Amino acid sequence: MIYNEEFETLPREALEALQFKRLRQVVDRVYHTVGFYRRKFDEAGITPEDIRSLDDLSRLPFTTKQDLRDNYPYGLFAVPMSNVIRVHASSGTTGKPTVVGYTKRDIETWAELMARSFTAAGLTKNDIIHNAYGYGLFTGGLGAHYGAEKLGASVIPMSGGSTKKQILILQDFGPTAICCTPSYALFLAETGQEMGIDMTSLRLRVGILGAEPWSERMRQEIEKKLNIMALDIYGLSEVIGPGVAMECVEGRHGLHVFEDNFVAEIIDSATGEVQPYGKPGELVFTTLTKEAFPLIRYRTSDITRLIPDACRCGRTFVRMERVSGRSDDMLIIRGVNVFPSQIESVLMEIEGLEPHYLLIVEREGSLDTLEIQVELSEQVFSDEIRGLQSLEKRITKDVKDYLGISAKVKLVEPKSLQRFEGKAQRVIDRREL
Ligand code: DLL
């Protein structure tokens, strides 16, 4: 099933013509409305008129997360705030989040992309969708919500957390589809099992899972434990949120990028050189239809490759292979994006700690766990136990309050963590997906 036949099955030639037309428009618009882009283009000696074909896109400069940070919070918006009807945000490399904005039309575009994604997963207005992506600044909850409504399905706005209640609702409300991160899907399955519930006999038949990397092995586990078909959905706040690319039930290999709205490129992370189809590298997006927050050649740091082969489903959009990793050090812990530098900033605000720490990420059952080991200063090391306990509590609380993640804190003796001559290795990620 295809939600928007007209656009999703455009012959490549017509699609590329449409992309070019929209690219010219967006390049023109950002050049004239966003100071940042005008400066960047001027520095590169390029004007909108120089973009004469889709290939000329590669002549434009990249936009990075650092650029977004430098223009925090609204500096890259291309419309006045009075036209912005929603903002979302995700983690940046410091304590400050990355802020994105939407006009009314952007919200409609996004809802359609999510309706297309649900349709690609085989859902219709007859489905009941249990939405366990978090509602709030995170784009998952509201993104999926509006898409489900656009499709005409019934949406259960669960948001994240309260696992036992989620299981009750899964049993009683009879949802046929679930939206959540793949690790949370597994956690729900396992918790249900522990509660003595047969999680394979619920009405659920489809999972629309994403927001973090997962593997084919995890897919099989989830499918077995919940007796569903699990499909991969990809997106990032900067580009729009979930619904940038979606797997279809027919293909189940690679996610169709909604190319009438986004141009995808793969580049060599080190040189910035555009790579041909099939070669792995860093994914870069240019938005073609967004009004409030258009992005030109945004470097996602996600590593994948593009598959141009025709798909049985009839969509002509190129597919991206499941994301295999990142080119930066961002961690995704229980769906929350966090950079080690953010944890460091929180630690360094607290007296009595040394700037030597180690982050250990593991997966217990299906849940990610984070342990923070941090060295005490000589002065507090001699303190009595009580003082140390309250210090541990304070760190746990600050990490939770500022970054939204639960961590186990272990205070260690001064000078006990390994020192490094070159680049410090502060993260041990033992998760096997
Ligand atoms: O995670 C948007 C989203 C919500 C996608 C719900 C899918 C479902 P951010 O919080 O900005 O946005 O995080 C974006 O998450 O750059 C990837 O590194 C990672 N990511 C998202 N989807 C996938 C996926 C949302 N399917 C960052 N597979 C991205 C692997 C994913 N990684």
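The values are calculated or read from the model by the stated rules, or taken from the named source; none is laboratory data. The structure displayed is predicted, hence computed values, not measured ones. Heads up, the Cβs are rebuilt from the backbone with ideal geometry, glycines too, and the neighbour counts pull from every protein chain shown. Calculation scope for accessible area: heavy atoms of the full protein, side chains included, ligands and nucleic acids excluded. Shrake-Rupley method; radii C 1.70, N 1.55, O 1.52, S 1.80 Å.
Here are a few things to note about the model shown:
- Where Arg252 falls short, out of the listed (1) modelled with pLDDT of 95 or more; (2) at positive phi: (1)
- Being closer than 17 Å to Tyr135 by Cβ, part of a helix (DSSP H, G or I) and in contact with a strand residue (DSSP E or B) (Cβ under 9 Å, 6 or more places away or on another chain) is a condition met by no residue of the stretch 151-165.
- The stretch 1-43, residues that are under 17 Å from Thr64 (Cα atoms) and open to solvent by 60 Å² or more (accessible area, probe 1.4 Å): Arg38, Arg39, Glu43
- Answer residue from the stretch 233-252, given it is among the small types (Gly, Ala, Ser) and over 12 Å from Gly143 (Cα atoms) and is nearest to the ligand (Cβ to nearest atom) among those: Ala245
- Leading residue by the ranking (surrounded by the most Cβ atoms within 10 Å (Cβ to Cβ)) among those in the stretch 328-343 that are within 10 Å of the ligand (Cβ to nearest atom) and in a loop (DSSP other than H, G, I, E, B): Gly335
- Any hit, the stretch 60-70, residues being more than 24 Å from the chain's Cα centre (by Cα) and either more than 30 Å from Gly335 (Cβ to Cβ) or assigned to a helix (DSSP H, G or I) (or both): yes
- Here Thr109 fulfils each of the conditions (1) part of a loop (DSSP other than H, G, I, E, B); (2) polar (S, T, N, Q); (3) modelled with pLDDT of 95 or more apart from (1).
- Inside the stretch 399-433, residues that are more than 29 Å from Ser324 (Cα to Cα) and among the small types (Gly, Ala, Ser) make up a count of 1.
- For the stretch 358-405, the tally of residues that are open to solvent by less than 10 Å² (accessible area, probe 1.4 Å), under 14 Å from Val338 (Cβ atoms) and not acidic (Asp, Glu) stands at 6.
- Candidate set from the stretch 267-287 (those that are among the aliphatic types (A, V, I, L, M) and surrounded by 23 or more Cβ atoms within 10 Å (Cβ to Cβ)); member that is farthest from the ligand (Cβ to nearest atom): Val284
- Where a residue in the stretch 41-64 is in the same structural domain as Asp28 (by TED's automatic domain parsing) and its partner, wherever it lies, is of a type in the set (Lys, Arg) and in a loop (DSSP other than H, G, I, E, B), with Cβ under 9 Å and at least six apart: Leu57/Arg297; Ser58/Arg297; Leu60/Arg297; Pro61/Arg297; Phe62/Arg297; Thr63/Arg297
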